[in-house]
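Asks: Below is a structure I'd like to ask you about.
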Amino acid sequence: MAEQSALAVRDLGKRYRKVWALRDCTLSIPVGRTVALVGPNGAGKSTFMNMVVGLSKPTTGDIEIFGSRMRQDGPSLARVGFLAQDKPLYESFKVSEMLTFGRKLNPSWDQALAEDRLAKLNIPLDRKVKALSGGQQTQVALTLAVAKRPDLLVLDEPLADLDPLAREELLQNLGEVSADSGITVIFSSHIVEDLADTCDWLVVLNRGRVQLSGAIDDVLAGHRLLTGPDDHAGQVIADTDVIADRRRNGEAKLIVRTGASAVPEGWRVDPVALEPLVLGYLRRPESGRPAEQTTMSGGRA
Ligand SMILES: Nc1ncnc2c1ncn2[C@@H]1O[C@H](COP(=O)(O)OP(=O)(O)OP(=O)(O)O)[C@@H](O)[C@H]1O
């Protein structure tokens with residue numbers, strides 16, 4: 001039986017006047033996954049997220065949340081928590097007043113969860129938002145999203161203004177939130193390192209198109225690093241869809257899809273790491289075939 005999807009989008013697109021911010025986006029994310037949505041500036045990550053949480057209307061396509069077609073005012077949105085990139089908090093409110101605000105807006109609000117979470121983070125409830133550090137403000141905004149008890153939590157660049165320590169803590173915390181509650185978490189980031197520890201699903205967006213969507217294990221298993229003599233690399237390139245091609249001192253290092261062609265004699269085959277693989281895709285926006293890659297089981301070649 002197919003896994004139930006937390007989010008499924010088909011032919012999703014958004015056009016601002018003549019410019020397509022997102023186009024032909026078709027993908028499906030199974031329930032319970034922790035998803036890294038990765039792409040360079042302007043790739044369409046916020047555009048995608050804003051449509052998924054009902055803040056922006058698609059130009060084309062449709063969105064299903066837990067199997068229900070999304071409507072801007074529909075009940076499926078009650079299951080979605082969102083942390084926007086600019087973390088909208090009222091600066092003159094105390095943290096406790098922000099919690100009251102969250103409680104009034106959300107019928108499924110969990111006050112104990114919110115207070116416990118902030119206590120663990122040493123964030124005082126009687127402190128005004130404007131007196132908190134940028135990282136603490138991010139944590140308060142994340143607490144508001146989590147205490148809504150969503151089934152799908154969408155976080156737009158939650159790591160952006162955090163120092164390395166706070167970033168690591170937040171990643172660990174996100175991993176715990178999804179492991180404890182079984183919710184599906186999607187978060188966008190420019191930073192590929194660390195994501196493999198926290199996330200188990202990868203979506204790569206580039207120039208408004210999906211290059212990859214799949215379970216990280218499947219994506220990694222679907223690619224290999226080939227190392228061999230530079231002057232024989234042409235033969236590999238002619239036969240294979242090469243994702244990355246690095247040459248140095250007479251040696252070629254090529255990231256290719258597994259099974260795309262026979263490995264030439266004398267070449268070494270190694271597993272590929274996530275970061276060089278993602279960077280390889282981002283450098284080649286034309287790589288990636290959405291029809292093959294955006295399956296529920298991941299991007300197997
Ligand atoms: N309201 C808007 N009006 C016109 N163009 C827009 C609007 N919002 C986004 N765009 C354009 O759509 C494209 C995608 O933008 P988006 O903000 O979704 O990218 P992003 O991947 O979130 O980028 P970043 O990592 O810089 O936040 C960009 O070219 C951007 O200029």
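The values are calculated or read from the model by the stated rules, or taken from the named source; none is laboratory data. On a predicted model such as this, the values are computed, not experimentally measured, just so you know. Here the Cβ positions follow ideal geometry from the backbone for every residue, glycine too, while neighbour counts run over all protein chains shown.
Asks: Take the conditions under 17 Å from Leu142 (Cβ atoms), assigned by TED's automatic domain parsing to the domain that holds Ala145 and either surrounded by 14 or more Cβ atoms within 10 Å (Cβ to Cβ) or touching an Asp or Glu at 6+ places or on another chain (Cβ under 9 Å) (or both) and apply them to Asp62. Does it pass?
Replies: no
Asks: Considering only residues that are within 11 Å of the ligand (Cβ to nearest atom) and either of a type in the set (A, V, I, L, M, F, W, C) or crowded, with 17+ Cβ neighbours inside 10 Å (or both), which ones fall in region 14-45?
Replies: Scanning region 14-45 gives Lys14, Val19, Trp20, Ala21, Leu22, Arg23, Leu37, Val38, Gly39, Ala43, Gly44, Lys45.
Asks: Residues to consider are Ala160, Ala141; find the one that is under 11 Å from Gly81 (Cβ atoms) and in contact (Cβ under 8 Å) with a residue 12 or more places away in the chain.
Replies: Residue meeting the stated conditions: Ala141.
Asks: Which residue, of Lys104, Lys120, Lys94, Lys87, is under 27 Å from the mean Cα position of the chain (by Cα) and either surrounded by fewer than 17 Cβ atoms within 10 Å (Cβ to Cβ) or hydroxyl-bearing (Ser, Thr, Tyr) (or both)?
Replies: Lys120
Asks: Could you check, for region 59-82, whether at least one of its residues is within 19 Å of the chain's Cα centre (by Cα) and either assigned to a loop (DSSP other than H, G, I, E, B) or of a type in the set (Phe, Trp, Tyr) (or both)?
Replies: The answer is yes; a qualifying residue exists.
Asks: Could you say whether any residue in region 189-204 is within 16 Å of the ligand (Cβ to nearest atom), crowded, with 17+ Cβ neighbours inside 10 Å, of a type in the set (Gly, Ala, Ser) and modelled with pLDDT of 90 or more?
Replies: no
Asks: If you go through region 207-218 one residue at a time, do you hit one that is touching a residue at least 40 places away in the same chain (Cβ under 8 Å), farther than 30 Å from Asp161 by Cβ, touching a Ser or Thr at 6+ places or on another chain (Cβ under 8 Å) and not β-branched (Val, Ile, Thr)?
Replies: yes
Asks: If you scan region 1-13, which residues turn out to be within 16 Å of Asp200 (Cβ to Cβ), surrounded by 15 or more Cβ atoms within 10 Å (Cβ to Cβ) and either of a type outside the set (A, V, I, L, M) or within 9 Å of the ligand (Cβ to nearest atom) (or both)?
Replies: Ser5
Asks: What number of residues within region 142-187 satisfy the criterion of being within 16 Å of the ligand (Cβ to nearest atom), in contact with a Ser or Thr (Cβ under 6 Å, 6 or more places away or on another chain) and either β-branched (Val, Ile, Thr) or closer than 16 Å to Leu118 by Cα (or both)?
Replies: Of the residues in region 142-187, 0 are within 16 Å of the ligand (Cβ to nearest atom), in contact with a Ser or Thr (Cβ under 6 Å, 6 or more places away or on another chain) and either β-branched (Val, Ile, Thr) or closer than 16 Å to Leu118 by Cα (or both).
Asks: List, please: which pairs have Cβ atoms under 6 Å, are six or more places apart or on different chains, and start with a residue in region 22-49 that is under 16 Å from Leu155 (Cα atoms) and end with one that is small (Gly, Ala, Ser) and within 13 Å of the ligand (Cβ to nearest atom)?
Replies: Leu37/Ser188; Gly44/Ala21; Gly44/Gly208; Lys45/Gly39; Lys45/Ser188; Thr47/Ala21
Asks: Working only within region 264-276, note down all residues that are of a type in the set (A, V, I, L, M) and touching a helix residue (DSSP H, G or I) at 6+ places or on another chain (Cβ under 7 Å).
Replies: If the condition is that a residue be of a type in the set (A, V, I, L, M) and touching a helix residue (DSSP H, G or I) at 6+ places or on another chain (Cβ under 7 Å), then Val272, Leu274 are the ones that fit.
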